[in-house]
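A quick write-up on the structure given underneath.
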Amino acid sequence: MTLETLASPSIQASCAWSHADAEPETMQAVACAPVAPGAWIDVETPIPLPGPDQVLIRVLSAGFGHWDILERDGRLPGTASRTPGPWIGGAEGAGTVVEVGAGVQRLREGDRVCGLALPGAPRHGFHAQFALVDADRVWRIPARLPLPHAAALPVDGGLAMHAVAQVLGLGAGDTLVLLGASGGIGHMALQFARQRGARVLAVVSGADGIALAERLGADMAIDGRRHDLTAALRIFAPERPTAALLTASDAVLAQRVVDALQPGGRIAWPHGVTPPPVRADIAATGFGAHAGATSVQAACRAIERGPFHLHVGTRLPLSRIADAERALTAHHLGRVVLDIP
């Protein structure tokens, strides 16, 4: 990647400064641009200032997920018609509050926080030393959660809690089949489900995935590529499971899960996972990132109660974002996190 100093209106027009004749402070960031599809571009750009109801965060770590690649390539809903100039991506991250805008009462300078920067314009995401975020998308980090791990909480943690608590409504007596239980959403949903008293059959990939799921409290864990799911389901829930959460796309396994559910059972999946076949006698629900954002605070409370482990399988500096992209396409557990200098 090549370091460039950008003078793009799409980035600089939204930066305000207290003195018109003062040289603005700058920050290092990784940007995306339609003129360079598929590329990450190192940039130096002015630090934005918070407007009303906004928070400026000194970013120390950023979560990295498939959605960041989709946004870069203009394939994320709402980003295809973005202006030609570069923008700074990075949907989630963690750091400390350095400044708050007018009207922000809940947060103050020095707070350890994680945040969610939903796609939009102007864009000042977490792939930078400073991120500009709406105050209602910023949460204090649970004391027991290390800050680099908290960077990967807002997207997958919110989705996991939304699925477990809101969509599936899990509780004591439920038996949950969790497909993709060693992934980002899956390994957090496993723990939230166990906290609520549900029993969990974790379907993972690889012996390391089984080991992680068992360590996180799964009642039973199998490798979906090597073991017989139908046989495991008969052992795990002889009276048939009450619920299922699909966090990975596998048509064969999804069909077996749907067939196994009790009449009146529930099944859910996040957007991005191939929807399963449906049965008239079960409740089937897909859900997206905006819904997950409403459940991040509940996820933080659950983490504070503990025990909880947010698994970071790959951790790299921001300068190696291309390597992080490659890590997402390989076998990995939990989440990928970028450290910000």
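Within the range 98-118, residues that are over 16 Å from Pro142 (Cβ atoms) have Cβ atoms under 8 Å from residues that are in a strand (DSSP E or B) and modelled with pLDDT under 95 in these pairs: Ala117/His124, counting only partners at least 6 apart in sequence or on another chain. Going through Ala131, Ala102 one at a time, which residue ends up being at pLDDT 95 or above, in a strand (DSSP E or B) and either surrounded by fewer than 19 Cβ atoms within 10 Å (Cβ to Cβ) or in contact with a strand residue (DSSP E or B) (Cβ under 6 Å, 6 or more places away or on another chain) (or both)? The conditions single out Ala131.
Checking Arg256, Arg301 one by one, the residue that is in a helix (DSSP H, G or I), out of contact with any Phe, Trp or Tyr (no Cβ under 7 Å at 6 or more places or on another chain) and either modelled with pLDDT under 95 or closer than 22 Å to Gly93 by Cα (or both) is Arg301 and no other. Selection of first residues in the range 166-190 that are at pLDDT 95 or above and outside any helix (DSSP H, G or I) and of second residues that are basic (Lys, Arg) and open to solvent by less than 20 Å² (accessible area, probe 1.4 Å), restricted to Cβ pairs under 9 Å at least 6 apart or on distinct chains, gives the following pairs, ordered by first then second residue: Gly183/Arg335. Residue count for the range 228-242 satisfying the condition of being touching a helix residue (DSSP H, G or I) at 6+ places or on another chain (Cβ under 9 Å) and either at pLDDT below 95 or loosely packed, with under 14 Cβ neighbours inside 10 Å (or both): 2. Being at pLDDT 95 or above and closer than 25 Å to Asp208 by Cα is the requirement here; does Asp281 meet it? Spelling it out, it is not the case that Asp281 is at pLDDT 95 or above and closer than 25 Å to Asp208 by Cα. Looking only at the range 191-227, which residues are part of a loop (DSSP other than H, G, I, E, B), in contact with a strand residue (DSSP E or B) (Cβ under 7 Å, 6 or more places away or on another chain) and either under 24 Å from Phe64 (Cα atoms) or open to solvent by 10 Å² or more (accessible area, probe 1.4 Å) (or both)? Ser205, Gly206, Ala218, Asp219, Gly224, listed by residue number.
From the set of residues in the range 42-75 that are in a strand (DSSP E or B) and either in contact with a Cys (Cβ under 7 Å, 6 or more places away or on another chain) or among the charged types (D, E, K, R) (or both), which is least open to solvent (accessible area, probe 1.4 Å)? Please lay out each step first, then the result.
First, pick out the residues of the range 42-75 that are in a strand (DSSP E or B): 42-46, 54-64.
Next, from what is left, pick out any that are either in contact with a Cys (Cβ under 7 Å, 6 or more places away or on another chain) or among the charged types (D, E, K, R) (or both): 42, 44, 46, 58.
Values: Asp42: 36, Glu44: 55, Pro46: 10, Arg58: 55 Å².
The qualifying residue least open to solvent (accessible area, probe 1.4 Å) is Pro46.
Residues of the range 315-341 being open to solvent by 50 Å² or more (accessible area, probe 1.4 Å) and part of a strand (DSSP E or B), which ones? Arg315, Pro317 - these are the residues of the range 315-341 that are open to solvent by 50 Å² or more (accessible area, probe 1.4 Å) and part of a strand (DSSP E or B).
Return the total of residues in the range 17-30 being modelled with pLDDT of 95 or more and touching a helix residue (DSSP H, G or I) at 6+ places or on another chain (Cβ under 9 Å).
Applying the first criterion (modelled with pLDDT of 95 or more) to the range 17-30 yields 26-30.
Those left that are additionally touching a helix residue (DSSP H, G or I) at 6+ places or on another chain (Cβ under 9 Å): 28-30.
Number satisfying all stated conditions: 3.
The values are calculated or read from the model by the stated rules, or taken from the named source; none is laboratory data. On a predicted model such as this, the values are computed, not experimentally measured, just so you know. Glycine gets a Cβ as well: all are built from the backbone with ideal geometry, and neighbour counts include every protein chain shown. Only protein heavy atoms, including side chains, enter the accessible area calculation; ligands, DNA and RNA are left aside. Shrake-Rupley method; radii C 1.70, N 1.55, O 1.52, S 1.80 Å.
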